[in-house]
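See below for the structure under consideration.
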Amino acid sequence: MCGIVGYVGSRSVSEFLLEGLHRLEYRGYDSAGIAVISDGEISVRKKAGRVMELARLVEEQPLFGNIGIGHTRWATHGETTDANSHPHLGGNGEVVIVHNGVIENHDSLRNQLIALGYVFHSQTDTEVAAHLMAHHLSEQLKLNSDEPCVDTCLRAVNLTLDRLKGTYGICVMFRDCPDTIIAARSGSPLVIGVGKNEYFLASDSSPLIGCTQDVVYLADNEVVVLNATGMKIAHRTTGRVQPSIQTLDQVSADIDLGNYPHYMLKEIFEQPTSVENAMRGRLDEGEATAVIGGLNLTAQQLRTFDRVVLTACGTSWHAGLVGEYLLEEFARLPTEVEYASELRYRNPPISDRTLVFSITQSGETADTLAAMRECQRKGHPTLSICNVVGSTIAREADGGIYLHAGPEIGVASTKAFTSQVTVLSLLALYLGRMRHLSYPAGKRIIKQLREMPEKIEEALKCHERVQEISEKYAHFNNFLYLGRLYNFPVALEGALKLKEISYIHAEGYPAAEMKHGPIALVDEQTPSVFIVPKGGIQPKVISNMEEVKARRGPVIALACEGDKEVERIADDVIIVPDVEEYLQPLVCAIPLQLLSYHIALLRGCNVDRPRNLAKSVTVE
Ligand code: F6R
């Protein structure tokens, strides 16, 4: 949440900062701002609203210079006003900072600073850090007037950080040390791009693409001092750190929109490829199993586990529910799916024989990270299923599986969901084959998995039909999404997609559970979306459809071609390919993603930047 950029070198800094903020906008888009140092002065431009509006402001009032920081905000403390936008100046403008995270003790610090005479211009917790930084700087200057300015500034930063409770990714510039940026992290990610006589900073690697391939991921409690000729990283308690430079393998094409009007649509259509990439090199025909390197556990160790806990938030949690069914069916491993936000504060009995997986697209979700750390604190190895390479969860996990889905920029998760389900199928196959899943069963699963990219391609053919149906249903204000077994999590995911991007109230339920309460919602004004492809209990779901129709509820059904029974009952049918039940989420998610996309467009919503949301939720 919130995006940070920084640059020091010889480029024109405003251009890099604005382009970087544009790429980070998915992290928050309530307001944006930049600060640049030039001729010994810090200048700030900031504005409530999108980065585009900031760019307009910078065009009218340009900023020239070669060192600067920027921020795109997802509001936590204080409304979305110009004044609450970052960067924030501290003292009398001798310090400027941008911050991602939450400073929990901001209130008491603010009172102390007010008593010292500091004047606040915003309601943010960040301005507290800015003034505190200015305060420590002035104290340190009095005590150490002879030392190099950068050392004094670094001490001021460390003294300030010592007093902050909460989380931060923070970048600071000092008017009197005009060639230096100091940045630090505790709980909110920061990556440093290493160029030739230039350095870049960002909350994730997307702003660095096209600028440099060499990156260093700052770890918690590390602080970095950057100027055009060098970088020094130190752990705040243990001292100097030798940076490990890694290579980014993303290419700019991954973050370009191409011919698509929105990232969400682009990412929906990328799913045949992203699912293929999730499986690439991971299917072993000879042994009829999956090949999963990176778990850092031997087959012998893996066989000793007798329970699995999957923890995640939002869409990733829905993928986890599919994972539960898969792991129990293929590997007969009792599996629980826990909301990370609950797990982190509960004290569930996790034994040495429980295998814990954190599922996350971004690898930065605060609750998922905290739940993982809590499990690790108790001595349990925790593995990750993650998309963003080098993200905090991927780095801190004891092992894991990458999705290889490429950057997901649209705020509503689409391709990450199907990649997570694919990886969970591989995991279930792998763990199943080292238990009692037979060779022929493994072979059959592999064959079906191999067909999935083609089946998803086929599912995408419903696009025009979904567009038509969207026009008919876009004006409704309540929806039910109903499915059973593997399609129950798909129903939850379909409802979440609709809620988050079109602001329509939607509920996902196991279809049969509907009659225990939600059926009271059914009337002519409440459409139900039934996920009812072929399968063992399809007749039961058809009965649930009848129950809705009997109460005059409009019915949209996702069904396989030629299903006369469904066609007879439903008002509108969307065709999905016929695949094995355990792979149905991979094809049934597609029309639901498209349905929410088109309904949101018809209602004039911003599909890639839905209100109140941010892509990566790095606060509690
Ligand atoms: C929904 C969505 C969110 C995320 C959730 C977890 O479309 O994107 O519900 O799934 O915030 O995010 P990750 O997977 O990055 O941990």
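Bear in mind that the values in this text are calculations on the coordinates, not laboratory data. All figures in this text were calculated on a predicted structure; none of them were measured in a lab. Because the Cβ atoms are built from the backbone with ideal geometry, glycine has one as well, and the counts that use them run over all protein chains shown.
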Beta bridges per DSSP with both ends in the stretch 441-573, % antiparallel, nearest 5: 0
Answer with one residue from Gln361, Leu295, Leu109: the one whose Cα lies farthest towards the positive end of the charge dipole of the chain, charges on Cβ with Lys, Arg +1 and Asp, Glu -1. Leu295
Which of the DSSP-defined H helices in the chain satisfy a minimum axial length of 24 Å, computed from C-alpha atoms, and a minimum mean Kyte-Doolittle hydropathy of 0.5? 415-433, 584-602
Which order do Val275, Val95 fall in if you start with the one that has the fewest other Cβ atoms within 10 Å? Val275, Val95
Using 0.36 nm times the number of residues separating Arg377 and His121, minus their current alpha carbon distance, what extension gain do you get? 88.1 nm
Checked the stretch 327-465 against the a/c 1.5 cut and the a/b vs b/c comparison, axes a ≥ b ≥ c from its Cα gyration tensor; verdict oblate
Compute the FRET efficiency between Asp107 and Glu139 as 1/(1 + (r/R0)^6), taking r as their Cβ-Cβ distance and R0 = 25 Å, and round to the nearest 0.05. 0.70
Along the Cα-to-Cβ line of Arg346, 7 Å from the Cα, sits a label point; which residues in the stretch 383-404 have backbone N less than 13 Å from it? none
Likely footprinting exposure, Ser438, Ser205, Ser528, fewest C-beta neighbours within 10 Å first: Ser438, Ser205, Ser528
Only helical DSSP H runs with n ≥ 4 go in: add -39500 (n - 2.57) per run for the chain, normalise by residue count and round the 222 nm mean residue ellipticity to 500 deg cm²/dmol. -11500 deg cm²/dmol
Glu454 paired with Arg240, simple spin-label distance in nm, labels 7 Å along Cα-to-beta-carbon: 6.0
Given +1 on the Cβ of Lys and Arg, -1 on the Cβ of Asp and Glu, and no further charges, what dipole in debye does the chain carry about its Cα centre, rounded to the nearest 20? 900
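Want the number for Arg353 to Asp284: 0.36 nm per residue separation, take away the alpha-carbon distance, what's left?
Stretched fully, the Arg353-Asp284 segment lengthens by 22.2 nm.
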Residues in the stretch 136-157 near a label at Lys232, defined as backbone nitrogen under 18 Å from the 7 Å Cα→Cβ point? 137, 140-141, 144-157
So for the pair Asp176, Asn477, with labels modelled 7 Å out along Cα→Cβ, what separation do we get in nm? 6.0
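Quick one: of the DSSP bridges fully inside the chain, what percent are antiparallel, nearest 5?
The antiparallel proportion sits near 65 percent.
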Let's test the formula: R0 of 51 Å, r as the Cβ-Cβ distance of Asn158 and Gln61. What FRET efficiency results, to the nearest 0.05? 0.90
Val555's amide H: which non-local residues (gap 5+, or another chain) put their own amide H closer than 5 Å, with H modeled 1.01 Å from N in plane and none for Pro or chain starts? Ser528, Asp571, Asp572
Segment Tyr260-Ala299, length gained on full extension (0.36 nm per residue, minus Cα span): 9.7 nm
In nm, to one decimal, how far is the Glu147 label point from the Thr273 one, both placed 7 Å along Cα→Cβ? 5.2
Give me the lysines in straight-line cross-link reach of Lys515: C-alpha distance below 24 Å, same-chain residues under 8 apart excluded. Lys497, Lys499, Lys534, Lys540, Lys549
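What FRET efficiency do you get for Arg603 and Thr247 if R0 is 41 Å and r is their Cβ-Cβ distance, rounded to the nearest 0.05?
0.45
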Which order results if Ile170, Ile574 are arranged by neighbouring Cβ count within 10 Å, fewest first? Ile574, Ile170
For Lys46, counting only lysines whose alpha-carbon sits under 26 Å away and dropping same-chain residues fewer than eight positions off, the answer is Lys615
